[in-house]
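One structure is given below, encoded as structure tokens.
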Amino acid sequence: MKHVRESAAWAQGFVLASPEYHGSMSGALKNWFDFLWREIAGKVAGVVAVTSGGHAEQAAFAIKTSFQWCRGWTLPFHAAVIHSNFEDGRLVDPRGLDRVQRVGHDVTRYAPLLTRGFDDASALGAEPPSGFAGLS
């Protein structure tokens, strides 16, 4: 667990992926949120959800909501891919692969900007001018 916490604290952004289970994210990802909320605060996440045929909106929204409750930002869109678009554990559908790659590129693009702003606000202390960053 120490390595996971250190890695999460080091990262500026995340691409979070989960299959859709009963209209939500996997239990493993939910557990990740439960233990790492401090390391997530002020960071950015892109979301990828895997579905058996729908749009995976419930899983994507559950991930986004959990990330935001941990005081992080999520990209306003997400990528959904269908489990049948995988072969030997690899995503082979060109359209799905394109969307997942775009999520990764945007996390890489926006994470440094938002993380820097959050860090600057946190440095102001716990007073109201720091916004919610001062409560982290």
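The values are calculated or read from the model by the stated rules, or taken from the named source; none is laboratory data. None of these values were measured; they are calculated from a predicted model. Quick reminder, even Gly has a Cβ in these numbers, built from the backbone with ideal geometry, and neighbours come from all protein chains shown.
Here is how the numbers come out for the structure above:
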{"item": "Condition check for residue 91: out of contact with any helix residue (DSSP H, G or I) (no Cβ under 9 Å at 6 or more places or on another chain), at pLDDT below 95, surrounded by 13 or more Cβ atoms within 10 Å (Cβ to Cβ) and closer than 18 Å to residue 16 by Cβ", "result": "no"}
{"item": "Scope the stretch 64-81; condition in contact with a helix residue (DSSP H, G or I) (Cβ under 7 Å, 6 or more places away or on another chain) and over 24 Å from residue 121 (Cβ atoms); matching residues", "result": "78, 79, 80, 81"}
{"item": "Residue within the stretch 15-26 that is closer than 22 Å to residue 122 by Cβ, surrounded by fewer than 19 Cβ atoms within 10 Å (Cβ to Cβ), among the polar types (S, T, N, Q) and in contact with a helix residue (DSSP H, G or I) (Cβ under 9 Å, 6 or more places away or on another chain) present", "result": "no"}
{"item": "Per-region count, the stretch 10-61, residues of a type in the set (A, V, I, L, M), over 17 Å from residue 107 (Cα atoms) and touching a Lys or Arg at 6+ places or on another chain (Cβ under 8 Å)", "result": "1"}
{"item": "Pair list, Cβ < 8 Å and 6+ apart or interchain, from the stretch 121-133 residues that are modelled with pLDDT of 95 or more to residues that are among the acidic types (Asp, Glu)", "result": "none"}
{"item": "Tally of residues being outside any helix (DSSP H, G or I), closer than 15 Å to residue 64 by Cα and not small (Gly, Ala, Ser) across the stretch 22-41", "result": "1"}
{"item": "In the stretch 61-88, the residues that are in a strand (DSSP E or B) and surrounded by 12 or more Cβ atoms within 10 Å (Cβ to Cβ)", "result": "73, 74, 79, 80, 81, 82, 86"}
{"item": "Which numbered condition residue 58 fails, given (1) polar (S, T, N, Q); (2) assigned to a helix (DSSP H, G or I); (3) out of contact with any Gly (no Cβ under 8 Å at 6 or more places or on another chain); (4) surrounded by 15 or more Cβ atoms within 10 Å (Cβ to Cβ)", "result": "(3)"}
{"item": "Count of the stretch 42-55 residues which are more than 14 Å from residue 18 (Cα to Cα) and either of a type in the set (A, V, I, L, M, F, W, C) or assigned to a helix (DSSP H, G or I) (or both)", "result": "1"}
